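Participant: Here it is: the structure, laid out below.
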Amino acid sequence: MLQAREWKLIASQRAWYPQISITNLQSPSYTWTSFIRDEYGNAGEFYSQNPKPNSKARADRSQNRASSGQRFIFNPNIKVAWRFLDPSRQPSINAQEASLRQQQYIFLSSARSLILEIQKSYFRVQSTAQLISSFQKIYTNNRIELETIEARKEIGMATVLEVEQIRSQLFTNLSQLIGYTRNYITETAELSELIALSPDAIAIPSEPAAPFGAWSKPLEDTIVEAISQREELLAALAQAESSKWLGVSEMRRYLPVFSLAGNGSLTGTNGYQEVPLSNDPGTSYQASRNWSTSIAIEFEWQLFDGGIKAANAQSSFANSRGYLADKTIKENEVIRQVRASYGQLLTAKVAIESSRQGYQSAQLAEQAAKARYEVGVENITTVVQATARVSQTSVQLADSILNHNNAIADLYRYTSTWPSDTKGKVDQRLMNMREEGNQ
């Protein structure tokens, strides 16, 4: 679509060039003619004047009424016309330029959306990998704990209830681990699809999950930046401008158009005509050439068309006003997106610290519960609850890091700010697309 708009702009700009056409006013052709005239009405008068006509008189009378012809005719014509004054031409070019800018903004918006999808997919894989690592440790610890309690049960120091409570917790952790592993497989496949990897490759993050990036601008500055840079808003403005220029172009079609026109033609014949049948046409062949040229200033002025162009112009003006109204709606949406992402970032920062402290406290509580159970001052239920709390806080920590990273990515997207080293790659992709289109 972007290349199509570029070529439409080029086509409208080429309306400034003169137009040259070559035509045949008459197609090249051979013509054969035969003409016979029988003057039977004056036969009596001829013989009355020539009672005994000789052979020459009879031949002369025959030649006067029978002849033939053969000619080759060609008539090429060349015309050069240049509309040096066309009031609707420049508005049409302006409309195409605005339409091209709109498509460029739409392309950049699509590129930003794709980058956001890749970033969020990458962060999800990181978060799931973190959960798998955490639950693998929890599962390993629970399995060791189960083996210990089963050994104690053999010597009568633990009950069946205690063993089965630990076993139930172990299978719960295993089910969660299987679920996160399944999610990891799906998410890595999605990430590989987004970055267009080959079928035999898979995308795996090389870094563990951690808070990514920072946003130092205050909220009001962030909103102002988003409104001034967001491609969706700029595309709406460009679309409104394009419709406005289309309306101006339609109205200017009521004005006269002046052209400088030059014509040149050549008429050529070769052959013979009206040669008596009894004569040899070889001595009657002749060729003729006729050149003619003209130059003039022409104009075309449609004074009235029933108001069709005026109605089309008003339709374009109405579309322009509609696009401006859509731009206002989109602006409110942009503000909402920025506010929501900014608030999510602030809460995620607090949540990371809170969940990290909660995770550390849950681990200490689990260790204390197990130690107290070993010495007989706590029951197994406390140990199971402490282990469940470690699982919950590990999920909360992973979610808070994921929310933080998503909020940063959203702010980059909603303010139309390119991540580092991304703008150059997008420009390179545009250049490659143009080269592919020109091949």
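The values are calculated or read from the model by the stated rules, or taken from the named source; none is laboratory data. Keep in mind that this is a model prediction, so the values were computed, not measured. Note: ideal-geometry Cβ built from the backbone for every residue, glycine included; neighbour counts use all protein chains shown.
Participant: Only one residue in 259, 243, 294 is small (Gly, Ala, Ser), outside any loop (DSSP other than H, G, I, E, B) and either more than 30 Å from residue 89 (Cβ to Cβ) or out of contact with any strand residue (DSSP E or B) (no Cβ under 8 Å at 6 or more places or on another chain) (or both), so which one is that?
Facilitator: 243
Participant: If you don't mind, there's one more thing I want to ask. Any residue in the stretch 387-409 that is surrounded by 15 or more Cβ atoms within 10 Å (Cβ to Cβ), assigned by TED's automatic domain parsing to the domain that holds residue 225, within 30 Å of residue 100 (Cα to Cα) and touching a residue at least 60 places away in the same chain (Cβ under 8 Å)?
Facilitator: Yes, that holds for at least one residue.
Participant: Would you please name the residue that is modelled with the highest pLDDT, looking only at residues in the stretch 141-175 that are over 12 Å from residue 387 (Cβ atoms) and among the polar types (S, T, N, Q)?
Facilitator: 175
Participant: How many residues does the stretch 127-142 contain that are surrounded by fewer than 23 Cβ atoms within 10 Å (Cβ to Cβ) and closer than 21 Å to residue 419 by Cβ?
Facilitator: 0
Participant: Within the stretch 153-187, how many residues are among the aliphatic types (A, V, I, L, M) and surrounded by 14 or more Cβ atoms within 10 Å (Cβ to Cβ)?
Facilitator: Residues flagged as among the aliphatic types (A, V, I, L, M) and surrounded by 14 or more Cβ atoms within 10 Å (Cβ to Cβ) within the stretch 153-187 amount to 6.
Participant: Another question about this same structure. Out of the residues in the stretch 145-186 that are of a type in the set (Lys, Arg) and within 60 Å of the chain's Cα centre (by Cα), state the one that is farthest from residue 371 (Cα to Cα).
Facilitator: 182
Participant: Please determine, by comparing only the residues of the stretch 203-228 that are in a loop (DSSP other than H, G, I, E, B) and among the aliphatic types (A, V, I, L, M), which one is surrounded by the most Cβ atoms within 10 Å (Cβ to Cβ).
Facilitator: 209
Participant: Pairs under 8 Å by beta carbon, first residue surrounded by 14 or more Cβ atoms within 10 Å (Cβ to Cβ) in the stretch 313-333, partner β-branched (Val, Ile, Thr), six or more apart or different chains?
Facilitator: Matching pairs, first to second residue: 313/248; 331/227.
Participant: On the given criteria, is residue 243 under 30 Å from residue 96 (Cβ atoms) and exposed (fewer than 14 other Cβ atoms within 10 Å of the Cβ)?
Facilitator: no
Participant: Condition check: aliphatic (A, V, I, L, M) and either at positive phi or surrounded by fewer than 16 Cβ atoms within 10 Å (Cβ to Cβ) (or both). Does residue 116 satisfy that?
Facilitator: So residue 116 does not fit the description; no.
Participant: So which of 93, 118, 106, 138 ends up being in a helix (DSSP H, G or I), within 30 Å of residue 178 (Cβ to Cβ), under 22 Å from the mean Cα position of the chain (by Cα) and in contact (Cβ under 8 Å) with a residue 24 or more places away in the chain?
Facilitator: Residue meeting the stated conditions: 118.
Participant: Among the listed residues 150, 145, which satisfies the condition of being more than 29 Å from residue 409 (Cα to Cα), touching a residue at least 40 places away in the same chain (Cβ under 8 Å) and surrounded by 14 or more Cβ atoms within 10 Å (Cβ to Cβ)?
Facilitator: 145
Participant: Now for a separate question. Here is a list: 186, 269. Which entry is of a type outside the set (A, V, I, L, M) and at pLDDT 90 or above?
Facilitator: 186
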